[in-house]
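Below is one structure, written out as structure tokens, with a few remarks after it.
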Amino acid sequence: MQEKIKEIAARVHEMRELSEISVEKMVEYLQIPEETYKNYESGEEDIPASVLFEIAHKMQVDMATLLTGEEPRMNIFTVTREGKGVSVERRKQYKYQNLAEKFIHKKAEFFIVTVEPKPEGTKPGTNSHPGQEFNYLLEGSLKVYIHNNEIVLKEGDSIYFDSNYEHAMEALEGKPAKFLAVII
């Protein structure tokens, strides 16, 4: 897994330089500390999917290019078989599988996200990113924290929200929760 993180980091670094975007401009765009961004590019820290999505947007490349090193080629349809989506984020908190990495010029990113339960009393880390997000719960139960609200979702429930606001997800009942996420 560490090898995959280093490969993605190297692609981000190379694409940023090819795009002639300075570290300072990228940090300003992402609104994160410069040290954090440098850790992303060096492979010292895994790049969260939401940040990778924004980096790709700033560089005007498809997120799949950063993930796999290959340009998406499909423009009529793409099929992703069960369990075969490219893994995006390998942190303990969330596991992402990209469901449409081969489709070119996507208007949104589609993921199956698995949230592992955390030790009781541990709050999940929050993040935010430009745009909007839609989540549809497939398995388990999930507590969504967003803008001073806590919403519990059960299987079949969904939420659509402005992802500019700090948000986090927490698996409930000591079991993983799995949901379809669409980032727009």
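The values are calculated or read from the model by the stated rules, or taken from the named source; none is laboratory data. This structure is a prediction, so every number in the text was calculated from the model and none was measured. No Cβ is skipped: glycine too gets one built from the backbone with ideal geometry, and neighbour counts run over all protein chains shown. For accessibility, only protein heavy atoms count, side chains too; no ligands or nucleic acids. Shrake-Rupley method; radii C 1.70, N 1.55, O 1.52, S 1.80 Å.
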For this session: Go through segment 14-27 and give me each residue that's surrounded by 13 or more Cβ atoms within 10 Å (Cβ to Cβ) and either more than 18 Å from the chain's Cα centre (by Cα) or free of Cβ contacts under 8 Å to residues at least 12 places away in the same chain (or both).
Result: E14, M15, R16, S19, I21, V23, K25, V27
Exercise. Inside segment 98-184, counting only strands (runs of 3 or more DSSP E) that do not spill past its ends, which hold 2 or more residues that are without any contact (Cβ under 8 Å) to a residue 60 or more places away in the chain and not small (G, A, S)?
Worked result: 132-139, 141-146, 149-154, 158-162, 167-171
Seminar exercise, completed: Flagged in segment 114-137 as of a type in the set (D, E, K, R), under 17 Å from the mean Cα position of the chain (by Cα) and within 13 Å of E170 (Cα to Cα), in numbering order, are E116
Problem set entry | Meets criteria (more than 10 Å from the chain's Cα centre (by Cα), of a type outside the set (V, I, T) and either within 20 Å of K106 (Cα to Cα) or at pLDDT 80 or above (or both)) for Q60 | yes
Exercise. At positive phi and at pLDDT 95 or above, is that true of G121?
Worked result: no
Exercise. Considering only residues of segment 32-55 that are within 27 Å of T114 (Cβ to Cβ) and not in a helix (DSSP H, G or I), which is nearest to the chain's Cα centre (by Cα)?
Worked result: P48
For this session: Report the residue count in segment 101-118 for those that are modelled with pLDDT of 80 or more and open to solvent by less than 30 Å² (accessible area, probe 1.4 Å).
Result: 6
